[in-house]
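J.: Structure provided below as structure tokens; questions to follow.
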Amino acid sequence: MKFFKSKYKFNPDTLQYEKIKFSFKRFLLRLLPHSIASTVFGAILMILYIVIFESPEEKFLRAENEYLKENLNKINERLVKDDKILEEIAQRDNYIYRTTFQQDTIPSTIRNAGVGGSDRYKHLDGFESTDIVKDVAKKLDQVENKLNIQSLSYNVIIKELKKRDKLYKSLPVLQPIHANELTRIGSFYGYRPHPILGVVHMHHGLDLVAPTGTPVYASGDGTVVDIERNNTGSGYGNSILIDHGIDGLSSRYAHLSSIDIKAGQKVKRGQFIGRVGSTGLSTAPHLHYEILIYGATINPLRYMIAPTPDEYEQIIKLAEYPGVSFD
Ligand SMILES: [Zn+2]
């Protein structure tokens with residue numbers, strides 16, 4: 001059988017049937033509708049197959065997708081809880097710590113400030129899970145922002161604590177003679193007749209009467225800025241001046257029998273610095289104790305605290321050991 005059948009066409013001019021020559025192009029044109037139909041049919045079959053049956057790989061991907069979405073939702077819920085905890089910490093920070101240390105509270109507008117604009121999350125667009133991924137990203141940013149602000153806030157408070165710790169330790173509040181050793185207060189701050197000169201005279205300190213050789217202790221942390229050794233029977237005699245490094249405060253210890261510290265040395269409250277004597281312009285063994293603010297004396301009783309003998313022992317012991325420090 002011939003594969004290509006010959007075709008004939010009637011010619012009205014010659015009144016004859018003439019054989020039509022074979023054309024490949026015409027052949028293809030005739031074939032076209034069949035091939036289109038079969039392609040479409042094939043495609044429909046394939047789609048039906050895909051819709052009805054899933055490949056194992058597709059099944060796995062679908063399951064994994066579900067798993068990821070479910071866990072993203074759980075992470076989202078946990079971030080909401082974390083945010084609430086941070087909110088409570090912020091409240092405590094504002095109304096307890098910052099208030100206690102006289103710091104301005106941090107406004108919630110700063111604590112809850114959003115991070116960046118909407119463009120920040122644009123790269124997450126275009127997927128079925130975009131919403132949940134964006135939500136998690138936003139919440140994470142918010143939590144991180146709050147954590148950073150909280151951390152900075154604590155830095156400020158720790159700095160303030162260190163400052164206060166230094167301030168409290170430096171204040172010249174300790175009575176420089178042990179409670180057990182102090183006989184009496186011989187003379188107070190103010191105008192009084194001078195025991196030697198006999199005229200009314202401003203007495204710039206507090207006279208703490210105690211036997212010669214009684215230990216004298218620094219009233220607050222500071223630096224020894226001046227030591228005077230004077231056995232001429234005038235003025236302060238042997239004396240120590242300690243600068244406390246805050247608010248221009250310094251303290252002077254005069255008429256000492258011995259000086260047991262060097263100029264420039266750092267001292268702690270309760271540290272042994274010398275012994276009671278009667279050097280300088282003095283009639284009997286006592287410690288002449290002054291507190292000065294920027295070089296002008298004030299009444300030491302405005303600062304001085306007399307601890308009980310037991311407390312005094314503890315303070316002296318504390319001064320002997322390097323204590324716990326914030327810096
Ligand atoms: Zn005096």
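The values are calculated or read from the model by the stated rules, or taken from the named source; none is laboratory data. Because the structure is a prediction, the values reported are computed rather than measured. No Cβ is skipped: glycine too gets one built from the backbone with ideal geometry, and neighbour counts run over all protein chains shown.
J.: On the given criteria, is residue 170 among the hydroxyl-bearing types (Ser, Thr, Tyr) and within 16 Å of the ligand (Cβ to nearest atom)? Break it down stepwise before answering.
T.: Details: among the hydroxyl-bearing types (Ser, Thr, Tyr): yes; within 16 Å of the ligand (Cβ to nearest atom): no.
Considered against the rule, which asks whether it is among the hydroxyl-bearing types (Ser, Thr, Tyr) and within 16 Å of the ligand (Cβ to nearest atom), residue 170 comes out as no.
J.: What pairs come out if I take residues in the range 174-191 that are basic (Lys, Arg) and pair them with residues that are within 15 Å of the ligand (Cβ to nearest atom) whose C-beta lies under 8 Å away, six or more apart or interchain?
T.: 184/209
J.: Would it be correct to say that residue 90 is in contact (Cβ under 8 Å) with a residue 24 or more places away in the chain and out of contact with any Asp or Glu (no Cβ under 6 Å at 6 or more places or on another chain)?
T.: Yes, satisfied.
J.: I want to confirm something. Restricting to the range 196-229 and keeping residues that are more than 15 Å from the ligand (Cβ to nearest atom) and small (Gly, Ala, Ser), which single residue is farthest from residue 290 (Cα to Cα)?
T.: Looking at the filtered set, the residue picked out is 198.
J.: In the range 88-105, how many are surrounded by 14 or more Cβ atoms within 10 Å (Cβ to Cβ) and part of a helix (DSSP H, G or I)?
T.: Here is the first cut: in the range 88-105, the ones surrounded by 14 or more Cβ atoms within 10 Å (Cβ to Cβ) are 89-90, 93-94, 97-98, 101, 103, 105.
If we keep only those that are part of a helix (DSSP H, G or I) as well, we get 89-90, 93-94, 97-98.
Going through the range 88-105 one residue at a time, the tally reaches 6.
J.: Tell me, which residue of the range 265-281 that is hydrophobic (A, V, I, L, M, F, W, C) and part of a strand (DSSP E or B) is nearest to residue 208 (Cα to Cα)? Don't jump to the end; show me each part of the working.
T.: Taking the range 265-281 as the starting set, the residues that turn out to be hydrophobic (A, V, I, L, M, F, W, C) are 267, 272-273, 276, 281.
If we keep only those that are part of a strand (DSSP E or B) as well, we get 267, 272-273, 276.
On the way: 267: 21, 272: 16, 273: 16, 276: 9 Å.
This residue is 276.
J.: Looking at 135, 141, which one is more than 27 Å from the chain's Cα centre (by Cα) and at pLDDT 90 or above?
T.: Just one listed residue meets the conditions, 135.
J.: Look through 270, 274, 248 and report the one residue that is away from the ligand (no atom under 13 Å from the Cβ) and within 16 Å of residue 228 (Cα to Cα).
T.: When all the criteria are applied, what remains is 274.
J.: Sticking with this structure for a sec: Look through the range 282-297, keep the residues that are surrounded by fewer than 15 Cβ atoms within 10 Å (Cβ to Cβ) and either β-branched (Val, Ile, Thr) or within 18 Å of residue 214 (Cα to Cα) (or both), and return whichever of them is farthest from the ligand (Cβ to nearest atom).
T.: Only one residue fits best here, namely 293.
J.: Got a number for residues in the range 143-173 being closer than 30 Å to residue 108 by Cβ, in contact (Cβ under 8 Å) with a residue 60 or more places away in the chain and either polar (S, T, N, Q) or in contact with a Ser or Thr (Cβ under 7 Å, 6 or more places away or on another chain) (or both)?
T.: Going through the range 143-173 one residue at a time, the tally reaches 2.
J.: Take the range 84-98 and flag every residue that is under 16 Å from residue 110 (Cα atoms) and either touching a helix residue (DSSP H, G or I) at 6+ places or on another chain (Cβ under 6 Å) or β-branched (Val, Ile, Thr) (or both).
T.: Result: 86, 89, 90, 93.
J.: Does residue 265 fit the bill of being among the polar types (S, T, N, Q), away from the ligand (no atom under 14 Å from the Cβ) and surrounded by fewer than 16 Cβ atoms within 10 Å (Cβ to Cβ)?
T.: Yes; evaluated as a whole, the condition is true for this residue.
J.: Taking residue 241, is it farther than 17 Å from residue 178 by Cα, under 38 Å from the mean Cα position of the chain (by Cα) and within 16 Å of the ligand (Cβ to nearest atom)?
T.: When the stated conditions are applied, residue 241 passes them.
J.: Would you mind stating whether residue 257 is touching a strand residue (DSSP E or B) at 6+ places or on another chain (Cβ under 6 Å), within 16 Å of the ligand (Cβ to nearest atom), closer than 21 Å to residue 293 by Cβ and assigned to a strand (DSSP E or B)?
T.: Criteria not met by residue 257.
One line per residue, one yes/no per condition, for (1) among the polar types (S, T, N, Q); (2) over 19 Å from the mean Cα position of the chain (by Cα); (3) under 15 Å from residue 155 (Cβ atoms):
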{"position": "80", "(1), (2), (3)": "no, yes, no"}
{"position": "88", "(1), (2), (3)": "no, no, no"}
{"position": "96", "(1), (2), (3)": "no, no, no"}
{"position": "99", "(1), (2), (3)": "yes, no, no"}
{"position": "102", "(1), (2), (3)": "yes, no, no"}
{"position": "111", "(1), (2), (3)": "no, no, no"}
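J.: Another question, then. State yes or no: is residue 191 of a type in the set (Phe, Trp, Tyr) and touching a strand residue (DSSP E or B) at 6+ places or on another chain (Cβ under 6 Å)?
T.: Details: of a type in the set (Phe, Trp, Tyr): yes; touching a strand residue (DSSP E or B) at 6+ places or on another chain (Cβ under 6 Å): yes.
Spelling it out, residue 191 is indeed of a type in the set (Phe, Trp, Tyr) and touching a strand residue (DSSP E or B) at 6+ places or on another chain (Cβ under 6 Å).
J.: For the condition assigned to a loop (DSSP other than H, G, I, E, B) and out of contact with any Asp or Glu (no Cβ under 6 Å at 6 or more places or on another chain), what is the one hit in 14, 39?
T.: After ruling out the rest, the residue left standing is 14.
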